[in-house]
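Taking it in order: structure first as structure tokens, then the write-up.
The values are calculated or read from the model by the stated rules, or taken from the named source; none is laboratory data. All of these numbers come straight from a predicted model, not from anything done at the bench. Reconstructed Cβ throughout: ideal geometry from the backbone, glycine too, with neighbour counts over all protein chains shown.
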Amino acid sequence: MKFAEFKQGMVIKGGPVTVTEAEILAFARQYDPQWFHADPARAAQGRWGGLIASGWHTCALAMRMAVDAALHDSESFGSPGLGEVRWRVPVRPGDQLRLEARVQAVRTSSSRPDLGITSWTWVVLNQHDEGVLELDATILFDLSEDKSG
């Protein structure tokens with residue numbers, strides 16, 4: 001989607017993606033090697049009753065769905081950061097996730113007319129319609145005519 005296509009109140013949907021045990025383990029062992037993400041046997045005896053995905057893995061899956069659904073052909077060039085990030089329900093092997101992103105605001109910078117700014121709230125739901133992740137994101141768009149440099 002191009003910046004001009006984003007409208008306040010619109011909902012952009014992405015996914016679904018299915019989370020596998022192998023992906024949970026690979027991500028956790030590389031980036032978040034806590035036992036409840038990286039050790040299936042120990043996780044089975046833990047508070048969660050089994051292996052759960054790292055919240056950061058869930059964020060990465062959400063980012064992929066957002067790119068596939070909206071950002072892949074846009075003028076997006078980055079983000080100044082996230083607002084609140086909330087992990088509501090653990091993600092488990094076999095879960096099927098989908099993204100619903102509601103656009104909260106769309107504006108052009110008052111000091112930089114070549115800069116578009118979109119704020120949106122992402123909700124990632126599992127196959128039971130449980131919200132597993134919610135986050136507030138801001139995306140920056142390059143609105144300049146010349147994008148060669």
Practice item. Taking the options Gly50, Gly78, name whichever one is in contact with a Pro (Cβ under 9 Å, 6 or more places away or on another chain), at positive phi and not β-branched (Val, Ile, Thr). Key: Gly50
Point to revise | Residue match in the range 78-93 (condition: without any contact (Cβ under 8 Å) to a residue 40 or more places away in the chain and not in a strand (DSSP E or B)) | key: no
Practice item. Confirm whether Ala53 is assigned to a loop (DSSP other than H, G, I, E, B) and either out of contact with any strand residue (DSSP E or B) (no Cβ under 8 Å at 6 or more places or on another chain) or in contact (Cβ under 8 Å) with a residue 24 or more places away in the chain (or both). Key: yes
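So that you can scan it fast, the table gives a plain yes or no per residue for (1) loosely packed, with under 13 Cβ neighbours inside 10 Å; (2) among the aromatic types (Phe, Trp, Tyr); (3) at pLDDT 95 or above; (4) touching a helix residue (DSSP H, G or I) at 6+ places or on another chain (Cβ under 7 Å):
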site	(1), (2), (3), (4)
Ile12	no, no, yes, yes
Phe27	no, yes, yes, yes
Ala62	no, no, yes, no
Gln96	no, no, yes, no
Review point. If Glu84 passes every condition in (1) more than 22 Å from Phe6 (Cβ to Cβ); (2) touching a strand residue (DSSP E or B) at 6+ places or on another chain (Cβ under 9 Å) but one, which one does it miss?
Key: (1)
Point to revise | Of the criteria (1) charged (D, E, K, R); (2) surrounded by 13 or more Cβ atoms within 10 Å (Cβ to Cβ); (3) in contact (Cβ under 8 Å) with a residue 40 or more places away in the chain, which one Asp73 fails | key: (2)
Check your understanding: Is it fair to say Leu135 is touching a Cys at 6+ places or on another chain (Cβ under 8 Å), surrounded by 13 or more Cβ atoms within 10 Å (Cβ to Cβ) and in contact (Cβ under 8 Å) with a residue 60 or more places away in the chain?
Key -> yes
Review point. Considering only the range 107-149, how many residues are part of a strand (DSSP E or B), touching a strand residue (DSSP E or B) at 6+ places or on another chain (Cβ under 6 Å) and farther than 15 Å from Gly81 by Cβ?
Key: 12
**Study point:** Meets criteria (within 21 Å of Asp32 (Cβ to Cβ) and at pLDDT 95 or above) for Trp56
**Key:** yes
Practice item. Report yes if Asp129 is more than 30 Å from Gly49 (Cα to Cα) and over 16 Å from the mean Cα position of the chain (by Cα), otherwise no. Key: no
